[in-house]
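Read through the structure below, which is laid out as structure tokens, and then see the notes.
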Amino acid sequence: MHDVVIIGGGPAGMTAALYALRANRSAMILEKNAFGGQIAYSPKVENYPGTDSLSGSELADRLFQQVTRLGAEFDVAEAVGLEDHGAFKAVLGDDGTVYEGRSVIIASGAKHRRLNVPGEAELEGRGICYCAVCDGDFYRGKRVAMVGGGNTALQEALFLSDLCEHVTVIQNLDFFTGEERLARALIRRGNVKCFFGAQVSSIQGDHGGLSCVLVRLERSGEELRIPLDGLFVAIGLEPENGPFAGVAGLNEYGYIAADESCLTKTPGVFAAGDCRSKRIRQLTTAMADGTVAAIAACGYLSGLDAAQ
Ligand SMILES: Cc1cc2nc3c(=O)[nH]c(=O)nc-3n(C[C@H](O)[C@H](O)[C@H](O)COP(=O)(O)OP(=O)(O)OC[C@H]3O[C@@H](n4cnc5c(N)ncnc54)[C@H](O)[C@@H]3O)c2cc1C
């Protein structure tokens, strides 16, 4: 039986493990993909306090090393269910393993949102990508487009403009929602063209994969056909909290209904990071949640110990 079972090995989950371990509690982290979470895909993190710039994968690696040195246990497994048995909780792994914890911290983050337009499902992995750091190199010297206008889209479009012949940026609003500094840097690039008030209406391919996107300009109603080798999509996130809905409780958008205290509706079950209802989803807020959730879990465990 673990003191804390942590679902998700991103910044929130690993920070939670750090605080639990330093409070002499045992921690088991379940991660279904790669430790580090979303930040591992960021080419450059420039807003992490105390560092001018470092890559997301380096930060993920440092976090992983730190919690490993402190004695965290790990499993690469997907949590597909969560049961509340009062004094202990059972997290069900996708291979049938049951992880018992006296408390649970859900730090399952969020995943990329899809465009949901014709052609997307068929061409995913054949020209449509959701991570420039992972797949950008395949498009070196080629023509690509980026859909989105937030920080992630801007950072990734800048990254792609260093590699690719040309980058078309397609943003549905009339302005970028990401940082002004990033937007200015992008617009100054000679190989970048930005369309505002523009929506991808369909994606077309041939035997070789993606061939072009159709883009509708809201104001004129004009439809552009843009030939492309690759299409990158960065239009936000959606949570993956379905397996925890019963025990943790979700809001109308599928995020775990927990506030700054990270408490869910079930005693001993906490939620941290991008998976919970909140306004700002960043590294610093995810790590702050990991801290708060772990300290709350340790307090809960002390209460259980005292009652025994
Ligand atoms: C490309 C990119 C660039 C970014 N750049 C910045 C930046 O410069 N600065 C900044 O502050 N923020 C940045 N962010 C946002 C930041 O990465 C996130 O806010 C942060 O990673 C959230 O951490 P988290 O631990 O809550 O969730 P995540 O990072 O999403 O981690 C959750 C982890 O849980 C795992 N998981 C999910 N469900 C399960 C399950 N059922 N079982 C087991 N494991 C599960 C996932 O595989 C994932 O590894 C960026 C994000 C992206 C995508």
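So the values come out like this:
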item: Simple spin-label estimate for Phe196 and Asp162 in nanometres, 7 Å along Cα-Cβ; result: 2.7 nm
item: Helix 56-69 axis, angle to the chain major axis (alpha carbon atoms, nearest 10°); result: 10 degrees
item: Spherically averaged projected area of the chain from its Cα convex hull (nm²); result: 17.0 nm²
item: Computed [θ] at 222 nm, deg cm²/dmol, the chain (DSSP H ≥ 4; -39,500 (n - 2.57); rounded to nearest 500); result: -8500 deg cm²/dmol
item: Computed accessible area, Phe195, all protein chains, 1.4 angstrom probe, square angstrom; result: 40 Å²
item: Proximal lysine pairs, the chain, alpha carbons under 26 Å, eight or more residues apart or interchain; result: 16
item: Proportion of all alpha-carbon pairs of region 123-255 beyond 19 Å (%); result: 52 percent
item: Residues Ala87 and Arg113, FRET efficiency given R0 of 45 Å [Cβ-Cβ distance, rounded to 0.05]; result: 0.75
item: At most 13 other Cβ within 10 Å, DSSP loop - chymotrypsin sites (Phe, Trp or Tyr not before Pro), region 244-293; result: Tyr253
item: Calculated FRET value between Ala185 and Leu304, using beta carbons and R₀ = 51 Å, to 0.05; result: 0.50
item: For the chain, Cys with no neighbouring Cys Cβ under 4.7 Å; result: Cys129, Cys164, Cys194, Cys212, Cys262, Cys275, Cys298
item: Contact order normalised by residue count of region 120-233, Cα under 8 Å, 6+ apart, percent; result: 31 percent
item: Per-residue HN-Hα couplings for region 285-290 [Karplus 6.51, -1.76, 1.60; θ = phi - 60°; Hz; x = Gly/Pro]; result: 6, 5, 5, 4, 4, x
item: Distance between modelled label sites at Asn33 and Ala257, nm, 7 Å Cα→Cβ extension; result: 2.8 nm
item: Vicinal HN-Hα couplings computed from phi for region 303-308 (Karplus, 6.51 cos²θ - 1.76 cosθ + 1.60; Hz; Gly/Pro x); result: x, 5, 4, 5, 6, 7
item: Portion, in percent, of the accessible area of region 120-233 that falls on carbon or sulfur, probe 1.4 Å; result: 48 percent
item: Residues whose placed amide H lies under 5 Å from that of Ser202, excluding near-sequence neighbours; result: Leu214
item: Gyration tensor verdict on region 1-141 (Cα atoms; rounded if a/c is under 1.5, prolate if a/b is larger than b/c, oblate otherwise); result: oblate
item: Under Karplus coefficients 6.51, -1.76 and 1.60, residue-wise ³J(HN,Hα) of region 126-140 in Hz, glycine/proline x; result: 10, x, 9, 10, 10, 8, 5, 5, 6, 10, x, 4, 5, 10, 4
item: Under 5 Å, built H, 5+ apart or other chain: amide partners of Leu237; result: Arg113
item: Potential lengthening between Arg140 and Asp95 on full extension [0.36 nm per residue; Cα-Cα distance subtracted]; result: 12.3 nm
item: Solvent-accessible area per residue, Å², over the chain with all protein chains present [probe radius 1.4 Å]; result: 46 Å²
item: Formal net charge of residues neighbouring Ser108 (Cβ-Cβ distance under 11 Å; K, R +1; D, E -1); result: -1
item: Computed accessible area, Phe196, all protein chains, 1.4 angstrom probe, square angstrom; result: 80 Å²
item: Label zone at Arg62 (point 7 Å along Cα-to-Cβ), backbone N below 14 Å, region 15-46; result: 15, 40, 44-46
item: Distant-in-sequence amide H partners of Leu82 (H built 1.01 Å from N, under 5 Å); result: Leu92
item: Neighbour net charge for Asp174 - beta-carbon separation under 13 angstrom, K R +1, D E -1; result: 0
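The values are calculated or read from the model by the stated rules, or taken from the named source; none is laboratory data. Here the structure is a predicted model, which means the values were calculated and not measured. Cβ atoms come from the backbone with ideal geometry, glycine included; neighbour counts cover every protein chain shown. Please note that ligands, DNA and RNA were not included when accessible areas were found on the heavy atoms of the full protein model with its side chains. Shrake-Rupley method; radii C 1.70, N 1.55, O 1.52, S 1.80 Å.
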